[in-house]
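Note sheet for the following structure.
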Amino acid sequence: MALRDIFKQDWVRRAGCFIAANYIRLVYATSRFEVINGATPQRYWDEGQPFILAFWHGRIAMMPYSWRRAVPMNMLISKHRDGELIADTIAYFGLKSVRGSASKPGKDKDKGGQAALMAMIRALRSGECVGITPDGPRGPRMRASGGAAALARLSGVPVIPAAYSTRRRRVLSSWDRFVLPLPFTRGVFVWGEPIHVDRKADEAALDAARLAIEDGLNRVSGMADELAGQEVIAPAPLPLPAERQS
């Protein structure tokens with residue numbers, strides 16, 4: 001049996017997710033984390049107001065510990081095999097998953113985009129929060145697609161960017177420059193300000209909101225890296241206009 005076939009087996013995936021979840025727990029238990037601008041999400045949590053949490057794909061590892069455990073969270077996870085691993089791992093932290101695409105309405109229907117969109121809107125309208133990685137699952141790194149802005153317009157709830165970084169870490173050579181924290185470290189969670197999208201926003205306003213989300217995410221990610229004493233991870237170069245994805 002080929003090595004790649006072994007990793008397709010359910011028991012191997014379950015074991016991998018168990019190990020990943022407990023590694024994250026180990027890092028958090030042996031480290032100290034500071035929260036910057038934590039009053040922003042706390043106000044929404046305390047008032048029972050839903051919002052859309054946005055963070056880059058490469059910063060997913062410690063994000064379960066940025067969240068208040070008692071508040072329901074629904075993470076948008078792709079239907080790719082890697083998405084299954086992420087969904088099964090975050091389930092150990094009480095986080096739910098919505099499987100599908102973060103594309104704008106009407107696109108990627110074959111990847112569950114419409115069903116995922118409706119599921120997220122239902123969750124937000126019921127008072128639960130939703131989490132999105134606007135550059136996932138394909139990238140380009142730290143460049144936002146239009147999905148989060150479109151969801152904010154349809155649901156009427158704001159997007160709040162967040163990021164983390166640690167003093168001891170490894171940055172993988174993957175497309176997203178995945179940040180792998182190491183145990184026995186100091187870290188920081190940084191929250192940005194809410195980004196609102198008018199329900200009547202036209203295409204130009206929607207694209208401006210997308211850029212605001214992208215800028216907000218890069219701002220908190222850069223701040224987190226600087227506070228952790230790390231080199232700031234840069235976004236992927238902007239594609240040529242004809243190559244950009246909405």
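Working only within the stretch 61-89, note down all residues that are of a type in the set (A, V, I, L, M) and touching a residue at least 40 places away in the same chain (Cβ under 8 Å).
Scanning the stretch 61-89 gives A61, M62, M63, V71, M73, M75, L76, L85.
Starting from the stretch 113-125, keep only residues that are within 16 Å of K79 (Cβ to Cβ), then list their pairs with residues that are of a type in the set (S, T, N, Q) whose Cβ atoms are within a distance under 8 Å, requiring at least 6 positions of separation or different chains.
Partner pairs satisfying both residue conditions: G113/S101; G113/S103; A116/S101; A119/N74; M120/N74; M120/S155.
Here's a check for you: in the stretch 58-75, which residue that is within 28 Å of S173 (Cα to Cα) and part of a loop (DSSP other than H, G, I, E, B) is nearest to the chain's Cα centre (by Cα)?
Across the stretch 58-75, the extreme among qualifying residues is I60.
Hey, could you check the stretch 92-114 for residues that are over 19 Å from R81 (Cβ atoms) and assigned to a helix (DSSP H, G or I) and say which is modelled with the lowest pLDDT?
Per the stated criteria, the residue is K109.
The values are calculated or read from the model by the stated rules, or taken from the named source; none is laboratory data. The shown structure was predicted, so the numbers you read here are calculated from the model rather than taken from an experiment. Every residue, glycine among them, receives a Cβ derived from its backbone with ideal geometry; neighbour counts consider all protein chains shown.
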